[in-house]
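What follows is a short report on a single structure.
We did not get these values from a lab; they are worked out from the coordinates using the rules stated. It should be emphasised that the depicted structure is a prediction, and the values quoted were computed from it without experimental measurement. All Cβ positions, glycine included, derive from the backbone under ideal geometry; neighbour counts span all protein chains shown.
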Amino acid sequence: MQRFKSTLNDKGLTLLEVLIATTILAFLTISLVQMTDSGITTKERITREDEELTNTERTLLRLEMDFSMAFTPLYFSYLETKKPLTLPSEAISRFEAGNDKTYNNTTEEDLIVPVFESLNSNSFRFLTTSNHRRSTQTRQSQYAWVIYSLRESEIAIGNYDKPLYELVRYIKNENIYSLENIEIDDLRPTVLLDNISSLEFSYFDEKKEKFVENFAEISDRPIRFLAVKIKLNWVDENGNMNIEEKIIRPYFPLQNVASLKKTKEELQKGVNPTQ
């Protein structure tokens with residue numbers, strides 16, 4: 001019977017062969033580790049970028065919800081001159097008042113008129129109906145005072161050497177008709193975004209047919225807004241400037257209150273306004 005000789009080397013691998021195999025394995029391992037690290041770094045960077053974009057979108061949605069549900073009865077009614085109710089001076093700042101520091105608090109339907117106030121170019125205070133009561137038996141409703149403002153941020157971004165700010169939202173959703181003045185220091189702040197370069201509010205003036213930066217510049221009396229334009233400049237982790245601009249309009253249908261008042265006066269005089 002023919003026998004086959006084994007071609008295996010009973011002596012095993014030489015040192016040179018082991019070194020070559022080890023070197024190849026080392027290169028493969030290093031490449032695999034680099035690819036894994038690169039994948040992890042890319043994932044973390046994309047996650048941070050997504051978080052920045054998500055936070056920005058969430059902030060804009062919060063702004064849109066509050067501003068679009070801003071409330072004043074002057075959207076659908078008009079001030080009615082009645083006997084004024086005298087109130088302490090600290091209550092005057094949040095409600096419509098006359099020059100004699102009295103509380104002219106009523107519309108035709110006896111509704112209280114809150115004051116929309118631009119504290120500065122990047123701060124605004126108003127009454128909104130966007131509040132959600134989280135628990136029962138609390139002195140809350142859908143109404144709440146909201147203040148948006150900027151404050152200095154402690155966050156620093158590597159290659160960006162200019163000051164950064166935080167957009168802070170303050171809310172007072174209990175005892176909104178209290179005569180006590182609203183103090184920001186007494187309210188708990190909620191930081192919505194913390195890498196802001198600048199924030200600008202501008203308000204649409206119906207007579208001028210343009211947006212104005214100062215709310216007090218609105219024609220007649222600054223007691224309501226037809227639209228607010230928000231320009232938000234924020235910086236990402238790479239130091240790149242991003243610009244977000246949004247125009248928000250109130251949900252309440254705007255009535256021609258001057259026409260309503262004229263119609264009522266004509267009806268009281270016995271004049272048919274349709275003639």
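Things worth noting here:
- Using the Cβ-Cβ distance between V33 and M65 with R0 set to 35 Å, the FRET efficiency works out to roughly 0.15.
- Charge tally in the Cβ shell below 9 Å around E200, where Lys, Arg are +1 and Asp, Glu are -1, E200 excluded: +1
- Estimated inter-spin distance, T54 and E152, nm [label 7 Å along Cα→Cβ]: 3.2 nm
- Residues N242 and A21, FRET efficiency given R0 of 45 Å [Cβ-Cβ distance, rounded to 0.05]: 0.30
- Exposure proxy ranking, count of Cβ atoms within 10 Å, fewest first, for K210, K231: K210, K231
- Under-5 Å amide H pairs with R151, H placed in peptide plane, nonlocal only: E166, V168
- Across K162/K246; K210/K231; K210/K246; K162/K210, pairs whose alpha-carbon gap is larger than 19 Å: K162/K246; K162/K210
- Look at T129, T59, T54 and count the other Cβ atoms within 10 Å of each Cβ; fewest to most, that gives T54, T129, T59.
- Once backbone amide H atoms are built at 1.01 Å from N, D205 has K210, F211, V212 as its partners under 5 Å, excluding neighbours fewer than 5 places away on the same chain.
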